[in-house]
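K.L.:
One structure, as C-alpha cells, below. Some questions next.
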Amino acid sequence: MKRIRILFLSFAISFGLLLFFAKNQLVFASSDRGSVSQTVTSKVLNQATYGSQVSGDTQETVDIILKPQNGSALENYVYNTVTPGSSQYRKYVTASQFGRLYGSAAVGQAVIKYLNGFGLHSSLSNDDLIIQTTGATSKIESAFQTSIYQAKYHGRSFRAAKKNPSLPLQYSNKILGVLGLTTYNTLTTNVQKLPSSLSKSGSTQNTLSSYPSSPQSFASRYNLNQLYKEGLTGAGQQMDIISLADFNPADAYSYWKALNVSVPSNKLNVINVDGGSGWDGSDETSLDVEQSGALAPQAKINVYIGPNTDTGFFDALSTAVNQDKAAQLSVSWGESETEISQAVSQGVETPVYAQIFNLIFEQASAEGISSFVASGDQGAYDATKDAATYDLAVDNPADSPFVVAAGGTTIPFSETLSDGTNISVKNERAWSWDYLYSYFDKKGLSSTASGLADYFVGGGGGFSKFFATPRYQQAISGVNRYTALQYWQSSSPFTTVQRLQPAVSSSGSGTGRNVPDVSLNADPETGYAVYYSSGTGQAAVWDGPYGGTSFVAPQLNAVSAIINSGRKSRIGFWNPQIYRFAKSKNSPFNPLDSSPDNNNLFYTGTKGTIYNQDTGLGTVDFQKLRQSFGQN
C-alpha cells in the first residue's frame, strides 16, 4: 500500500512537471509573439544567396537593445546639462544613474529569465539597456524562433537569420533591436590616401618632413598653440578611440618620438572587446591614436577595438560609454545611410541600426562625454563607397544629432602635377577634388570604376534622411537651405551617373539633421603621414600622404581633452553650445560661405550664412572656442 502511494505520488509529480514544461514550451512556441528588428535591411536578406545552416553547436553572441524609459525627458535632460541657467547645467549622470533614470532593468531581467530557459547565458549592462546573451546557435535559434544560415551578398560572406526573429509579445514590444543574429555589415574607414595617379614622380616620402601637414601645423593653423602657451596639454584627461582594426602601440610611440612630442610611458590602454579584431584597417587605428596623442600629449588614450561587425562596433562603443573613463571619444568608421537602409530614394523608414547607435551617443551626452565622428570622404555622395550608388547621402553614425560630425577642408597650397597642370588653392575651402577634374579628364580616369572613384572624393555633408533637424540647428541661417553646384546627374535607382559640363548651379531646401557641424583640413593633397604596421611581425612604414575626415574626428577629440584639462567640469554635449556660439559677435567659427570654388561636389557655400552643408559652421579658432566654453 505504501509502495503504491509512493508510485502514485511519483507519477503525479512527474506528470505535473511534464505539464509545467509543456506549458512553458507552449508559451515559448505560442503565436502570441512579436518580431524584433535586426539591423540588416530586408534588401540584404531577400537578395542574399543562402548556403547551409550554421552548425548548432557554434557559439554566438547576440545583443538585445531595450527601449529607454522616459525618452523625451532624457532628451530634455541632455540639453539642460549644457544650457546656462538650468538647474541641471553641467550635472551629468554615471552609467548606473542613467540606467536607474532611463533604463529598463525590470524588462531586462525578465528577458534574461526567458533566455536562461533555453540554456543561454545573459547579462545586463550598467545602463540597463543592453542584454548580451551567449550560447550555442541551436539555443539562440530556439529562443528567437528563427534559423541562422551561411549567406553571401555583394561578395561578402556572413551569417543571416533568414526568418524574422521573434520573442514573446510582452518582451518584443519593449525591444529596440537585436544585433548579432545577422552579421552582414559594410563598415569602412573614413580615411583617404592620395592615389597613385597624383603621386609625385620620383619623390620619396620616408620622413615626416616629406608630408604637407603635421599635428604641429594643425595646432598653428587653428590657434591651438595659444592653449599650449597657457599650460593646457590634456593632463588629467583620457580620450576614448573606438576602432575595428588592430594596431601596434609601439608604432604610435615611435611616431610621437619622431615629432619630439613627450608623452607618458603608459599613455595607451588597449581594450579588446568581443575578442578584438584583425589588422584590416590598422592604418586607421594608428592614425587615430597618433593624431589625438600628438595634439594632447599628456592625455591618456583608451583604444576600444571590436570585431568589424555591427555587434563588434556597437559593443566597443557601448563598452566605452558604460565604463565612462573619458570625457571625450571619437569614431572614424561608418557607412552611408543608403547602405543601411534600402535605396534612400524609396523613402525607407528610419532603420533600427541608426536608432541604436543614436541612443548610445545620447547616453554619452547625458554622461558629459563629447563625441566626434568622421562625416565621410565622398563629398555629398557618401553611398558611392559602399552601396555603389550616386544618390545624395550622408554617413552614419555622423548623422546622429548627439555627435559632432567632423567635416573636411583643403588648406591653401600650390603645385605642378606630372603633366604640367598647375594647381593653386589660395584660401581654405571645402574639401573636394573638383579642382583636379581637368587633370583626371586628361588621364581618362572616368573610363574605369577605380578611376571614376577619384572624382567622388571630398568632405561628407548634406541632409540626413534618418534624423530630424535637431533643435540646436533650428533658426540658424543656412540650415535646411542650400546652394548647389551640380557636377553629376543620376536618376533612380542611382546606379549610373553622367557628368554635367558645365556644372549646373541651383538652390533649394532640405530637411533633417544637417551634416557636418565643423570642418578642418582633411585633403590628402594637404595631408599627413601615418606610421604603422600592417600585421603582426610586419615592419612599420611611413606612408601617405593620408587625409580624410578620419583625421578630423580624433583631432577634435584631442582639442576637447586639452580644453577639459583646464576646467572643473566636463564640456559635455558640444552641439547646442557651439551653434549658440556661432550666432555671437565673437564667434569662434569661420564660415566658408563663398561659391562656387567652395563645394563638396554638390553643396556649396551660401554668402552671409552661419551654416553651409559642405563645411557646417566652418573652421575653428580653438582659443576663441575655449573662451566661449568658459572655465567652470
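K.L.:
Just to check your reading of the model, which residue among 93, 111 is touching a helix residue (DSSP H, G or I) at 6+ places or on another chain (Cβ under 9 Å), within 23 Å of residue 314 (Cα to Cα), of a type outside the set (D, E, K, R) and in a loop (DSSP other than H, G, I, E, B)?
P.N.:
Values: 111 fails: in a loop (DSSP other than H, G, I, E, B).
One residue alone meets the criteria, 93.
K.L.:
So which pairs qualify, if the first residue must be in segment 286-315 and touching a residue at least 24 places away in the same chain (Cβ under 8 Å) and assigned to a strand (DSSP E or B), the second must be basic (Lys, Arg) and open to solvent by 10 Å² or more (accessible area, probe 1.4 Å), the Cβ gap must be under 8 Å, and the two must be at least 6 apart or on different chains?
P.N.:
What qualifies is 302/325.
K.L.:
All but one of (1) touching a Phe, Trp or Tyr at 6+ places or on another chain (Cβ under 6 Å); (2) within 24 Å of residue 317 (Cβ to Cβ); (3) not aliphatic (A, V, I, L, M) hold for residue 142; state the number of the condition that does not hold.
P.N.:
So residue 142 meets the others, but not (2).
K.L.:
Here's something else I'd like to know. Note down all Cβ pairs under 7 Å where the first residue falls in segment 249-274 and is closer than 22 Å to residue 537 by Cβ, the second is of a type in the set (S, T, N, Q) and in a loop (DSSP other than H, G, I, E, B), and they're at least six residues apart or on different chains.
P.N.:
Between residues of segment 249-274 that are closer than 22 Å to residue 537 by Cβ and residues that are of a type in the set (S, T, N, Q) and in a loop (DSSP other than H, G, I, E, B), the close pairs are 251/533.
K.L.:
Out of all the residues in segment 409-422, is one or more open to solvent by less than 20 Å² (accessible area, probe 1.4 Å) and under 20 Å from the mean Cα position of the chain (by Cα)?
P.N.:
Looking only at segment 409-422, we keep the residues that are open to solvent by less than 20 Å² (accessible area, probe 1.4 Å), and these are 409-410, 417, 421.
Then drop every residue that is not under 20 Å from the mean Cα position of the chain (by Cα), which leaves 409.
The answer is yes, given that some residue of segment 409-422 is open to solvent by less than 20 Å² (accessible area, probe 1.4 Å) and under 20 Å from the mean Cα position of the chain (by Cα).
K.L.:
Sticking with this one: Would you mind telling me which numbered condition in (1) touching a residue at least 12 places away in the same chain (Cβ under 8 Å); (2) under 21 Å from residue 319 (Cβ atoms); (3) surrounded by fewer than 16 Cβ atoms within 10 Å (Cβ to Cβ) residue 152 fails?
P.N.:
Only one criterion is unmet by residue 152, namely (2).
Conditions tested, residue by residue: (1) under 17 Å from residue 252 (Cβ atoms); (2) not polar (S, T, N, Q).
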site: 272; (1), (2): yes, no
site: 275; (1), (2): no, yes
site: 285; (1), (2): yes, no
site: 300; (1), (2): yes, yes
site: 307; (1), (2): no, yes
site: 314; (1), (2): no, yes
site: 319; (1), (2): no, no
site: 323; (1), (2): no, no
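K.L.:
So, one more: Being under 14 Å from the mean Cα position of the chain (by Cα), open to solvent by less than 10 Å² (accessible area, probe 1.4 Å) and at pLDDT 95 or above: is that true of residue 299 here?
P.N.:
Values: under 14 Å from the mean Cα position of the chain (by Cα): no; open to solvent by less than 10 Å² (accessible area, probe 1.4 Å): yes; at pLDDT 95 or above: yes.
No; evaluated as a whole, the condition is false for this residue.
K.L.:
Another question, then. Residues being surrounded by fewer than 16 Cβ atoms within 10 Å (Cβ to Cβ), under 22 Å from residue 362 (Cβ atoms) and modelled with pLDDT under 95: count how many of those fall in segment 446-474.
P.N.:
Result for segment 446-474: 0.
K.L.:
Right, something else. Can you report the number of residues in segment 234-252 which are open to solvent by 30 Å² or more (accessible area, probe 1.4 Å) and in contact with a strand residue (DSSP E or B) (Cβ under 8 Å, 6 or more places away or on another chain)? Steps first, answer last, please.
P.N.:
Applying the first criterion (open to solvent by 30 Å² or more (accessible area, probe 1.4 Å)) to segment 234-252 yields 235-238, 246, 248-250.
Checking the rest, the ones that are also in contact with a strand residue (DSSP E or B) (Cβ under 8 Å, 6 or more places away or on another chain) come to 237-238, 246, 248-249.
Count: 5.
K.L.:
Let me ask you something else. Kindly indicate whether residue 562 is among the β-branched types (Val, Ile, Thr), open to solvent by 10 Å² or more (accessible area, probe 1.4 Å), in contact (Cβ under 8 Å) with a residue 24 or more places away in the chain and in contact with a helix residue (DSSP H, G or I) (Cβ under 7 Å, 6 or more places away or on another chain).
P.N.:
Values: among the β-branched types (Val, Ile, Thr): yes; open to solvent by 10 Å² or more (accessible area, probe 1.4 Å): no; in contact (Cβ under 8 Å) with a residue 24 or more places away in the chain: yes; in contact with a helix residue (DSSP H, G or I) (Cβ under 7 Å, 6 or more places away or on another chain): yes.
No.
K.L.:
Here are some residues: 364, 393, 388. Which one is within 25 Å of the chain's Cα centre (by Cα), buried (at least 24 other Cβ atoms within 10 Å of the Cβ) and closer than 30 Å to residue 155 by Cβ? Before you say what the answer is, go through the steps one by one.
P.N.:
Values: 364 fails: closer than 30 Å to residue 155 by Cβ; 388 fails: buried (at least 24 other Cβ atoms within 10 Å of the Cβ).
Selected residue: 393, the only one of 364, 393, 388 that is within 25 Å of the chain's Cα centre (by Cα), buried (at least 24 other Cβ atoms within 10 Å of the Cβ) and closer than 30 Å to residue 155 by Cβ.
K.L.:
What number of residues within segment 59-78 are open to solvent by 70 Å² or more (accessible area, probe 1.4 Å) and within 17 Å of residue 107 (Cα to Cα)?
P.N.:
3
K.L.:
In addition: For the condition surrounded by 24 or more Cβ atoms within 10 Å (Cβ to Cβ) and either in contact with a strand residue (DSSP E or B) (Cβ under 6 Å, 6 or more places away or on another chain) or not hydrophobic (A, V, I, L, M, F, W, C) (or both), what is the one hit in 374, 354? Don't jump to the end; show me each part of the working.
P.N.:
Values: 354 fails: surrounded by 24 or more Cβ atoms within 10 Å (Cβ to Cβ).
None of the other options fit; the residue is 374.
K.L.:
Let me ask something additional. Condition first: surrounded by 17 or more Cβ atoms within 10 Å (Cβ to Cβ), farther than 20 Å from residue 354 by Cα, aromatic (Phe, Trp, Tyr) and out of contact with any strand residue (DSSP E or B) (no Cβ under 8 Å at 6 or more places or on another chain). Can you find one or more residues in segment 89-100 that meet it? Reasoning before the result, please.
P.N.:
Restricting attention to segment 89-100, the residues satisfying the condition of being surrounded by 17 or more Cβ atoms within 10 Å (Cβ to Cβ) are 90, 92-93, 95, 98-99.
This time we only want the ones that are farther than 20 Å from residue 354 by Cα, so: 90, 92-93, 95, 98-99.
Of the ones still in play, those that are also aromatic (Phe, Trp, Tyr) are 92, 98.
Among the residues that remain, those that are also out of contact with any strand residue (DSSP E or B) (no Cβ under 8 Å at 6 or more places or on another chain) are: 92, 98.
Checked against the condition, which is being surrounded by 17 or more Cβ atoms within 10 Å (Cβ to Cβ), farther than 20 Å from residue 354 by Cα, aromatic (Phe, Trp, Tyr) and out of contact with any strand residue (DSSP E or B) (no Cβ under 8 Å at 6 or more places or on another chain), segment 89-100 yields at least one hit.
K.L.:
Quick one: how many residues across segment 595-618 are surrounded by fewer than 23 Cβ atoms within 10 Å (Cβ to Cβ), of a type in the set (Gly, Ala, Ser) and at pLDDT 95 or above?
P.N.:
Summing the residues that are surrounded by fewer than 23 Cβ atoms within 10 Å (Cβ to Cβ), of a type in the set (Gly, Ala, Ser) and at pLDDT 95 or above in segment 595-618 gives 1.
K.L.:
Among the residues of segment 578-599, which ones are part of a helix (DSSP H, G or I) and touching a helix residue (DSSP H, G or I) at 6+ places or on another chain (Cβ under 7 Å)?
P.N.:
Start the filter on segment 578-599 by keeping residues that are part of a helix (DSSP H, G or I), which leaves 578-582.
Correct list: 581 only.
Per-residue answers, yes or no, for (1) in a helix (DSSP H, G or I); (2) open to solvent by 10 Å² or more (accessible area, probe 1.4 Å); (3) of a type outside the set (Asp, Glu):
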site	(1), (2), (3)
57	no, yes, no
84	no, yes, yes
107	yes, yes, yes
115	yes, no, yes
122	no, yes, yes
132	no, yes, yes
138	yes, yes, yes
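K.L.:
Another question about this same structure. Looking for something open to solvent by 10 Å² or more (accessible area, probe 1.4 Å), at positive phi and among the polar types (S, T, N, Q) - is there at least one such residue anywhere in segment 498-511?
P.N.:
The answer is no, given that none of the residues of segment 498-511 is open to solvent by 10 Å² or more (accessible area, probe 1.4 Å), at positive phi and among the polar types (S, T, N, Q).
K.L.:
Residue 442 fails exactly one of the following numbered conditions: (1) modelled with pLDDT of 95 or more; (2) open to solvent by 70 Å² or more (accessible area, probe 1.4 Å). What is the number of that condition?
P.N.:
(1)
The values are calculated or read from the model by the stated rules, or taken from the named source; none is laboratory data. Note that the coordinates shown come from a computational prediction; the quantities given were computed from them, not determined experimentally. Counting neighbours? That spans all protein chains shown, and the Cβs are built from the backbone with ideal geometry, glycine included. Areas reflect the complete protein model, heavy atoms only, side chains present, ligands, DNA and RNA absent. Shrake-Rupley method; radii C 1.70, N 1.55, O 1.52, S 1.80 Å.
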